[in-house]
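K.L.:
Structure incoming, see below.
The values are calculated or read from the model by the stated rules, or taken from the named source; none is laboratory data. Nothing here was measured: the structure is a model prediction, and the numbers come from that model. Glycine also receives a Cβ, built like all others from the backbone with ideal geometry; neighbour counts cover every protein chain displayed. To get the accessible areas, we keep the full protein, side chains included, count just its heavy atoms, and leave off ligands, DNA and RNA. Shrake-Rupley method; radii C 1.70, N 1.55, O 1.52, S 1.80 Å.
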Amino acid sequence: MRAAPFTLDRFILEEQRFSPGSTGELSLLLLRLGVAAKRIAAALAGAGLSQSLGSAGSSNVQGEEQKKLDVLANDILLETFDYGGLVSLAASEEMEEPVVYGGRLAEGRYAVLFDPMDGSSNIDVNGTLGTIFSIRRRRDGTVADLLRPGHEQVAAGYFLFGPAVLLVYTCGDGVHLFTLDPAIGEFLLTRRDVRMPERGKDYAVNEGRAHSWAPGVRAFVEHLKQPDKVSGRPYSTRYSASLVADVHRFLLEGGIYLYPADAAGKGAGKLRVLYECHPLAFVVEHAGGKASTGVARVLDVAPSSLHERMPLAIGSRAEVELFEKFVARG
Ligand code: FDP
């Protein structure tokens with residue numbers, strides 16, 4: 001008899017057997033996310049043909065232009081959690097307020113946060129995109145449930161829409177990578193327990209914004225560019241305009257992604273704590289990497305509002321620690 005393919009549902013069912021007391025609800029939620037990702041992938045693949053590229057003519061709560069596909073992916077994810085009673089709250093970068101399922105403080109055991117379409121500027125040019133998700137336990141069913149440190153996440157991960165559709169997630173016990181097999185419409189396990197290299201040779205940052213960085217950040221990036229055979233410099237730049245794509249590269253090959261604070265301004269950076277930084281930090285830390293604001297561990301930060309931003313340095317431990325040293329020196 002041939003071995004059955006290692007599908008996402010098989011993996012989740014088998015893992016669940018090792019979690020005493022598990023109700024299976026988190027497993028169902030992860031499977032539902034897989035279905036949502038297949039729908040988003042189908043929408044992306046057909047977008048150029050179905051006139052779904054371009055602007056939706058609206059902006060999100062941060063005043064950023066929304067693309068039609070930002071809105072569509074957000075709707076798909078909201079529909080996904082709208083039944084089954086698994087989720088009580090869903091919050092997203094695209095919505096000012098969270099959706100409360102059930103029309104009241106519902107009883108679903110989980111709250112889900114997501115960035116439905118990360119790297120939106122890549123939509124219209126057929127570039128790589130992602131969907132990032134974070135799953136938290138419901139506490140009292142209010143927004144306060146969400147304004148908590150990242151280390152309290154129950155699970156987090158992302159879908160990467162590139163030449164293949166990938167799922168990378170962790171429930172806190174290893175980071176696992178699945179690839180969508182389009183022939184059978186299933187995510188198949190491709191790497192169990194992914195470990196991030198201790199150091200890399202690439203970095204990703206939007207250097208067009210270097211004028212606004214603090215001196216320590218500028219010095220760090222300059223350092224990476226200075227040749228030094230012993231420490232493997234100069235590093236190469238790898239910036240795709242999609243956080244998920246860059247973090248995924250570094251998860252597999254090592255390196256560092258930076259979106260620093262704007263020194264002239266509020267010191268907040270661009271990326272959202274709850275929809276981007278916390279979930280990716282959870283994945284990266286569980287793979288042996290590190291995520292820092294420059295002065296603090298990302299997963300220890302509790303935001304004071306839903307759409308708060310933070311500076312982010314994420315990737316291999318060696319590079320992130322070196323970045324922190326440069327920031328401390330100023
Ligand atoms: P986008 O706004 O296009 O969704 O999530 C924010 C993000 O993309 C990241 O994916 C990406 O790395 C970064 O912002 C790109 O920002 P810049 O255009 O400022 O480089």
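K.L.:
Under 1.5 on a/c is rounded, so check that first for the range 219-292, then, if it is not, pick prolate when a/b is larger than b/c and oblate when it is not; a ≥ b ≥ c are the square roots of the alpha carbon gyration tensor eigenvalues.
P.N.:
Oblate shape, in that a/c is at least 1.5 and b/c is the bigger or equal ratio.
K.L.:
Extending each Cα 7 Å along its Cβ direction at GLU207 and SER304, get the distance between those two points in nm, one decimal.
P.N.:
Calculated label separation equals 3.7 nm.
K.L.:
Considering only protein heavy atoms and a 1.4 Å probe, what is the carbon-and-sulfur percentage of the accessible area of the range 169-326?
P.N.:
Details: 3230 of 6380 Å².
Carbon with sulfur: 51 percent of the solvent-accessible area.
K.L.:
Still on this structure: With contacts defined as alpha carbon pairs under 8 Å and 6 or more residues apart, what's the relative contact order of the range 128-232 in percent?
P.N.:
15 percent
K.L.:
With +1 on the Cβ of every Lys and Arg and -1 on the Cβ of every Asp and Glu, and nothing else charged, how large is the dipole of the chain about its Cα centre, in debye rounded to the nearest 20?
P.N.:
My answer is approximately 780 debye.
K.L.:
Return one whole number: the accessible area per residue of the chain in Å², for a 1.4 Å probe.
P.N.:
43 Å²
K.L.:
Right, something else. Tell me, what ³J(HN,Hα) does each residue in the range 233-247 have, in order and in whole Hz, if you take phi through Karplus 6.51 cos²θ - 1.76 cosθ + 1.60 with θ = phi - 60° and put x for Gly and Pro?
P.N.:
For the range 233-247, the Karplus curve yields 8, x, 7, 9, 7, 9, 10, 9, 6, 10, 4, 4, 4, 5, 5 Hz.
K.L.:
For labels at GLU79 and VAL125 in the simple 7 Å Cα→Cβ model, what's the distance in nm?
P.N.:
My value for the distance between the label points is 3.0 nm.
K.L.:
When N counts the residues of the chain, how does its alpha-carbon radius of gyration compare numerically with 2.2 N^0.38 Å, as a ratio?
P.N.:
Compared with the compact-globule rule of thumb, the chain sits at 0.97.
K.L.:
Let me ask another. For LYS225, give me every one of the lysines with a C-alpha distance below 23 angstrom, ignoring sequence neighbours fewer than eight places off in its own chain.
P.N.:
Straight-distance partners of LYS225: LYS201, LYS290, LYS325.
K.L.:
Let me ask something else about it. Among ALA73, SER121, VAL100, which residue has its Cα furthest toward the positive end of the charge dipole of the range 57-132, with +1 on Lys/Arg Cβ and -1 on Asp/Glu Cβ?
P.N.:
Towards the positive end, the residue furthest out is VAL100.
K.L.:
May I ask you to order 7-14, 202-209, 254-261 by the average number of other C-beta atoms within 10 Å around their residues, highest value first? Could the numbers behind the result be given before it?
P.N.:
Working: 7-14: 16.1, 202-209: 17.9, 254-261: 25.4.
With the highest mean Cβ count within 10 Å placed first, the list reads 254-261, 202-209, 7-14.
K.L.:
If you count, for each residue, the other Cβ atoms within 10 Å and average over each peptide, how do 210-222, 282-294 line up from highest to lowest?
P.N.:
Put in order of decreasing packing, that is 282-294, 210-222.
K.L.:
Let me ask you something else. Given +1 on the Cβ of Lys and Arg, -1 on the Cβ of Asp and Glu, and no further charges, what dipole in debye does the range 157-268 carry about its Cα centre, rounded to the nearest 20? Intermediate results must be reported in sequence, preceding the final value.
P.N.:
Details: 13 positive and 12 negative charges, 78 e Å.
It works out to roughly 380 debye.
K.L.:
What's the carbon and sulfur percent of the range 1-132's accessible surface, probe 1.4 angstrom, rounded to a whole number?
P.N.:
The computed percentage sits at 54.
K.L.:
7 Å from Cα along Cα→Cβ at both ASP173 and GLU152: what's the point-to-point distance in nm?
P.N.:
A separation of 2.3 nm, rounded to one decimal place.
K.L.:
LYS67: which lysines have alpha carbons under 26 Å from its alpha carbon, excluding same-chain residues fewer than 8 sequence positions away?
P.N.:
LYS67 reaches LYS38, LYS270.
K.L.:
Over the Cα atoms of the range 71-161, Rg to Rh with Kirkwood Rh, two decimal places?
P.N.:
Rg/Rh for the range 71-161 comes to 0.99.
K.L.:
Still on this structure: Can you bin every Cα-Cα distance in the range 135-222 into 5 Å intervals starting at zero and give me the percent of pairs per bin, rounded to whole numbers?
P.N.:
3, 10, 13, 12, 14, 14, 18, 11, 4, 1, 0
K.L.:
Any idea of LEU188's accessible area? Nearest 10 Å², probe 1.4 Å.
P.N.:
Taking all protein chains as shown, LEU188 has close to 40 Å².
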